[in-house]
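The block underneath contains the structure these notes are about, expressed in structure tokens.
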Amino acid sequence: MPQPNDQITDARLSILNRIRLATSAIIDFAMPPACAFCTGDLLNDFEATVDGISLCGRCRKNFTSDERSPCFKCGMPVGPYVDTRQGCPECARRDFRFGRVIRLGVYEDSLRTACIRGKSRGAETLAGALASLLWKKQQEELADFAPDVIVPVPQFWLHGFTRPHHQALTMAEVLGERLSCVCDNRAVRKTRRTIDQSSLPRAKRLTNLKHAYAACSKHKLTGKRVLIVDDILTTGTTSNELAKVIRKAGASDVAVAVIAVVP
Ligand SMILES: [Zn+2]
Ligand SMILES: [Zn+2]
């Protein structure tokens, strides 16, 4: 029996949304929704029908199976019972301008494959599903940070034409929707082309990104709590360079959210 709230919600649906709902029901019947990673059937997956995350139970389990605790500051796996509020042995001496890293898991096994595949053409659904899974697993951490604005790691404008899609932007938009938080992809821009960080040794990564980002003066970050979003975090150089710019623009606190950290 329909509840009063259901009737109100239904009555508020526009004709366009009614058509969209009816169309998607027909498509779901003809082509049952599949897992964005392994193409397994989602209609028989209870969790997927409840939270709308297009990943089957087996993939969710695989992506979240790492039980090592994360370092509060850099997200790298650390031993149990280690207090990492001031960092772990890996990051305690780094002058990170972000306060913490919130991540789904470690860049290993199937999560590594998913991160790589999430960059490819047509992989927006997978990238979005991974962002939603990050949100689901780290709801407490994200609520604790309580961002005012979400900023994806920007890419150089020319890459918008040459790359299949901007995974960090897809993730940031999905996280923004999940957290009911503004996603501002113009707050910071990349001012020049740089060499792919993953191809460089640790020592050269910093010089590669020197002065590569600039905050847009029209997009006020003063006093804001900013959540930087990227797919992976390796040495933290990219996020740190971005955090420097965001702090200089007046942000009160900066955190980083990624799918995976590379140990
Ligand atoms: Zn799956
Ligand atoms: Zn650490």
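The values are calculated or read from the model by the stated rules, or taken from the named source; none is laboratory data. Predicted model, so just to flag it, every value in this text is computed and none were measured. Please note: Cβ atoms are built from the backbone with ideal geometry, for glycine as well, and neighbour counts cover all protein chains shown.
Brief remarks on what is shown
- Only a single criterion out of (1) among the hydroxyl-bearing types (Ser, Thr, Tyr); (2) surrounded by 14 or more Cβ atoms within 10 Å (Cβ to Cβ); (3) more than 16 Å from ligand 2 (Cβ to nearest atom); (4) modelled with pLDDT under 95 is not satisfied by Thr23, namely (2).
- One residue from Arg112, Arg121 being surrounded by fewer than 17 Cβ atoms within 10 Å (Cβ to Cβ), within 16 Å of ligand 1 (Cβ to nearest atom) and over 20 Å from Ala255 (Cβ atoms): Arg112
- Flag if Arg60 is touching a residue at least 40 places away in the same chain (Cβ under 8 Å), surrounded by fewer than 17 Cβ atoms within 10 Å (Cβ to Cβ) and either within 16 Å of ligand 1 (Cβ to nearest atom) or in a helix (DSSP H, G or I) (or both): no
- Condition met for Pro164 (surrounded by fewer than 21 Cβ atoms within 10 Å (Cβ to Cβ) and more than 22 Å from Ile259 (Cβ to Cβ)): no
- Within this structure, Lys73 passes the test of being of a type in the set (D, E, K, R), at pLDDT 95 or above, touching a Cys at 6+ places or on another chain (Cβ under 6 Å) and surrounded by 13 or more Cβ atoms within 10 Å (Cβ to Cβ).
- Residue identified as touching a Ser or Thr at 6+ places or on another chain (Cβ under 8 Å), within 16 Å of ligand 2 (Cβ to nearest atom) and among the small types (Gly, Ala, Ser) among Gly87, Gly128, Gly105: Gly105
- Scope the stretch 89-115; condition closer than 17 Å to Arg202 by Cβ and not aliphatic (A, V, I, L, M); matching residues: Pro89, Glu90, Cys91, Arg93, Arg94, Asp95, Phe96, Tyr107
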